[in-house]
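What follows is a single structure, written as structure tokens, with notes after it.
The values are calculated or read from the model by the stated rules, or taken from the named source; none is laboratory data. Treat the numbers as computed from the prediction; the structure is a model and nothing was measured. Reconstructed Cβ throughout: ideal geometry from the backbone, glycine too, with neighbour counts over all protein chains shown.
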Amino acid sequence: MTQPSLEAILEAALLAAGEPLSMDQLRALFPDGEAPARATLEGALAKLETSLGGRGVMLKRVASGYRLQVPEEFAPWVSRLWEEKPTRYSRAVLETLAIIAYRQPITRGEIEEIRGVTLSSGIMRTLQERGWIRVAGHRDAPGRPAVFATTRDFLDHFNLRSLSELPSLMTLGEPGPEHPELDLEVPRQE
């Protein structure tokens, strides 16, 4: 029996995993001493990406590694496979997530200062249960408040490799009367 091509092995592994696989995880698919070099794997992934072009599945690189996913243009059909409605998040949850993503690491008090309202513990719990934020440490200040940051799951969910791929606030629109929700600048205290 002949061994399948490297591209076919990678495609099968990514399909079976159902989650992103890092380069190290892909190399671990092979017995010791037989793992292809990193450059060889990257070349095979590039070939796989090209061969999947125009089909119902695509190779996507996200923060945690590589995954197979359905291209967005197939969403109207694929979404009919699930009867349940997608989870809807309140404006407060999404505002809080945006503040954390753009201003991390950030404390709960700083989030409240930016939003101008007290932050519900349910909002933070929802974001933590979803795996989008985590406690990244504690600020060296009275009460040692927790500082929050986004996670790899956040990046993966929003198809990002890193935070640098977030759109700039200026791209989203000029802050001001037309877009008050984008006015995230808080005067820095010296």
Restricting to the range 136-164, give me the number of residues that are touching a Phe, Trp or Tyr at 6+ places or on another chain (Cβ under 9 Å) and more than 22 Å from R91 (Cα to Cα). 1
Do the conditions hold for T50, that is, is it among the hydroxyl-bearing types (S, T, Y), surrounded by 15 or more Cβ atoms within 10 Å (Cβ to Cβ) and assigned to a helix (DSSP H, G or I)? no
Answer yes or no as to whether I100 is part of a helix (DSSP H, G or I) and in contact with a strand residue (DSSP E or B) (Cβ under 7 Å, 6 or more places away or on another chain). yes
Looking at the range 103-159, which of its residues are of a type in the set (S, T, N, Q), at pLDDT 90 or above and in a helix (DSSP H, G or I)? T126, Q128
Consider only pairs whose beta carbons are under 6 Å apart and that are at least six residues apart or on different chains; among these, list those whose first residue lies in the range 117-141 and is surrounded by 12 or more Cβ atoms within 10 Å (Cβ to Cβ) and whose second residue is among the hydroxyl-bearing types (S, T, Y) and in a strand (DSSP E or B). I133/T150; R139/T107
Which members of the range 143-162 meet the condition of being under 9 Å from the mean Cα position of the chain (by Cα) and either over 20 Å from L59 (Cα atoms) or not aliphatic (A, V, I, L, M) (or both)? T150, T151, R152, D153, F154, D156, H157, F158, N159, R161, S162
